[in-house]
1. If a residue counts only when it is of a type in the set (S, T, N, Q), touching a residue at least 12 places away in the same chain (Cβ under 8 Å) and within 16 Å of N49 (Cα to Cα), which helices (runs of 4 or more DSSP H) contained entirely in the stretch 66-173 have at least 1 such residues?
2. Check E105, E79 and return the single one that is closer than 29 Å to G144 by Cα and of a type in the set (D, E, K, R).
3. Any chance you could count how many residues in the stretch 33-53 are touching a helix residue (DSSP H, G or I) at 6+ places or on another chain (Cβ under 8 Å) and within 16 Å of N84 (Cβ to Cβ)?
4. Quick check, is G59 without any contact (Cβ under 8 Å) to a residue 40 or more places away in the chain and surrounded by fewer than 18 Cβ atoms within 10 Å (Cβ to Cβ)?
5. Filter the stretch 26-59 down to the residues that are under 16 Å from the mean Cα position of the chain (by Cα) and β-branched (V, I, T), then identify the one that is nearest to the ligand (Cβ to nearest atom).
6. In this structure, is D8 crowded, with 16+ Cβ neighbours inside 10 Å, among the charged types (D, E, K, R) and in contact with a strand residue (DSSP E or B) (Cβ under 9 Å, 6 or more places away or on another chain)?
Amino acid sequence: MININDLDKVYRTEEIETLALSKIKLHVKKGEFLAVMGPSGCGKSTLLNIIGLLDDIDGGSYLFNETEVSHFNERKRAELRKHNIGFVFQSFNLIDELTVYENVELPLIYTNVPKAERKKMVEAVLEKVQIMHRRNHFPQQLSGGQQQRVAVARAVVTNPKVILADEPTGNLDSTNGNEVMHMLTELNESGTTIVMVTHSEHDAKFADRIVRMLDGQIIMQQERAVKNVELQQE
Ligand code: ADP
């Protein structure tokens with residue numbers, strides 16, 4: 001699904017050049033749940049943004065569903081994002097002026113889903129994340145945990161193939177954090193590929209595989225032990 005080879009990313013300002021990612025090789029299979037870990041500044045968010053086609057690359061190749069996308073212009077990237085990728089951020093990134101319902105409806109407006117259909121889809125996903133009773137509230141009227149549930153609903157309402165989550169529990173207490181992790185696990189079990197950046201070893205345990213980064217490089221990969229046992233039994 002995601003096939004990255006020899007990827008370089010350089011940030012240039014007038015004075016300095018930062019090699020944010022260097023010769024990254026990363027393959028993510030359809031249906032996989034991957035956690036990306038590493039110290040602050042090692043390039044995790046940069047990598048996630050590149051996977052999400054929010055940023056371009058300076059070298060190497062990026063195949064998404066076997067199509068080379070590294071040379072896509074902004075219009076083609078936006079098109080691919082709209083239909084394939086959902087984002088969940090640490091700071092929720094909901095639009096304060098829109099209600100819960102309207103926030104979740106927005107991606108469907110962008111993808112030209114008719115109004116009646118939108119209603120069905122939004123309500124179904126709000127039910128699923130158990131926030132239907134707050135549909136007419138504004139984000140600021142909700143707890144952090146509720147806001148992140150709305151953000152997950154917004155990310156999944158278009159039924160994306162991949163969810164990219166950047167420290168999705170970073171602003172949540174452990175109870176709400178666990179709830180979000182269980183939601184992501186459920187989505188993964190129903191076939192959605194997930195790439196999650198996290199600082200939390202606890203959250204990383206929900207993933208099938210952990211990739212550890214340092215100074216713009218992948219230095220280690222670990223498969224989840226339980227999963228390995230399951231694979232051996234098959
Ligand atoms: P992480 O998510 O692991 O904390 P980042 O991907 O945010 O790391 O950053 C990787 C490196 O790239 C850091 O050295 C950071 O300072 C640099 N960097 C990130 N974004 C920019 C930017 N827009 N301009 C310049 N340098 C950047």
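1. On the way: elements: 74-84, 100-110, 115-128, 144-156.
Fully inside the stretch 66-173 and qualifying: 74-84.
2. On the way: E79 fails: closer than 29 Å to G144 by Cα.
Just a single option satisfies the conditions, and that option is E105.
3. Of the residues in the stretch 33-53, 2 are touching a helix residue (DSSP H, G or I) at 6+ places or on another chain (Cβ under 8 Å) and within 16 Å of N84 (Cβ to Cβ).
4. Criteria not met by G59.
5. To start, the set of residues in the stretch 26-59 that are under 16 Å from the mean Cα position of the chain (by Cα) comprises 26-37, 43-55.
Checking the rest, the ones that are also β-branched (V, I, T) come to 28, 36, 46, 50-51.
On the way: V28: 18, V36: 8, T46: 3, I50: 9, I51: 12 Å.
Checking each candidate, the answer is T46.
6. Details: crowded, with 16+ Cβ neighbours inside 10 Å: no; among the charged types (D, E, K, R): yes; in contact with a strand residue (DSSP E or B) (Cβ under 9 Å, 6 or more places away or on another chain): yes.
Taking the combined requirement at face value, the residue does not satisfy it.
Coordinate-derived values only; no laboratory data. What you see is a predicted model; the values in this text were computed from it and never measured. Ideal geometry is used to build each Cβ from the backbone, glycine not excepted, and the neighbour counts take in all protein chains shown.
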